[in-house]
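Where a number appears in this text, it was derived from the coordinates with a stated rule and is not lab data. None of these values were measured; they are calculated from a predicted model. Using ideal geometry, Cβ is built from the backbone for each residue, glycine included, and neighbour counts are taken over all protein chains shown.
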Amino acid sequence: MNAVASRYFEDVGAALTLVNQPAPRRALFLDRDGVINVDHAYVHTVERTEWLPGIFDLCETAAGQGLLLVVVTNQAGIARGLYSEADFIAYTRWMHEEFQRHGVSLLATYYCPHHPDAGLGPYLVRCDCRKPAPGMILEAAQRYGIILSESWLIGNSRSDIAAGVTAGVGQTVLLSAADEGGGMEPGSCHARTLEEARQIIDRSVSQ
Ligand SMILES: [Zn+2]
């Protein structure tokens, strides 16, 4: 494993979630900006947060299928000094509480605070956690005993999908309003909306 470990925020209810979901575990890995919230660039405040329609329903369906919910997000805004890691953690705590308020328990948010070119001070590093590298997914899998081949990932960029495929995540979903019919890797599919992604997960996991 890499020398630069990826960082994570673990939900206050994680212990209970894990007791209720004994290993071997499966997960849905979620990119954040563009999947959970509208990507307004470097979102780190309540005021700038706009949930993507259908995100709570998607998570409820996934959790109902026995998938743990793990967020994996590049946070170059920390590297660039736009907000501090403490700011990000405070915001992430609020986000987890909002999910709880909607009846959904996130297990953890893994984040990469680094950037290979634009990082300031200790954040200027070529790490193994910044997607498309698979570090965050691999570390979460190790920590929580997640079987990646039976897990899912949803992201809105090719680098999210690449991170999932490299990590060995069995099923990846590219969320994109554009028609992305061609060029998908095996095990990867495309959804135009979160509701479409929800239906794909609902159908596939039920079988
Ligand atoms: Zn990193």
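Listed values, structure above:
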| read-out | value |
| --- | --- |
| Residue pairs meeting the criteria (Cβ under 6 Å; at least 6 apart or on separate chains; first part of a helix (DSSP H, G or I), in segment 126-146; second of a type in the set (Phe, Trp, Tyr) and within 11 Å of the ligand (Cβ to nearest atom)) | 136/110; 140/110 |
| Qualifying positions in segment 91-125 - assigned to a helix (DSSP H, G or I) and either within 13 Å of the ligand (Cβ to nearest atom) or under 23 Å from residue 81 (Cα atoms) (or both) | 91, 92, 93, 94, 95, 121, 122, 123 |
| Selection status of residue 15, out of contact with any strand residue (DSSP E or B) (no Cβ under 7 Å at 6 or more places or on another chain), of a type in the set (A, V, I, L, M, F, W, C) and outside any helix (DSSP H, G or I) | no |
| Selection status of residue 5, within 16 Å of the ligand (Cβ to nearest atom) and either part of a loop (DSSP other than H, G, I, E, B) or touching a His at 6+ places or on another chain (Cβ under 6 Å) (or both) | yes |
| Set 10, 47: member being free of Cβ contacts under 8 Å to residues at least 12 places away in the same chain and of a type in the set (Asp, Glu) | 47 |
| Residue within segment 36-53 that is in a helix (DSSP H, G or I), more than 16 Å from the ligand (Cβ to nearest atom), on the phi < 0 side of the Ramachandran plot and surrounded by fewer than 18 Cβ atoms within 10 Å (Cβ to Cβ) present | no |
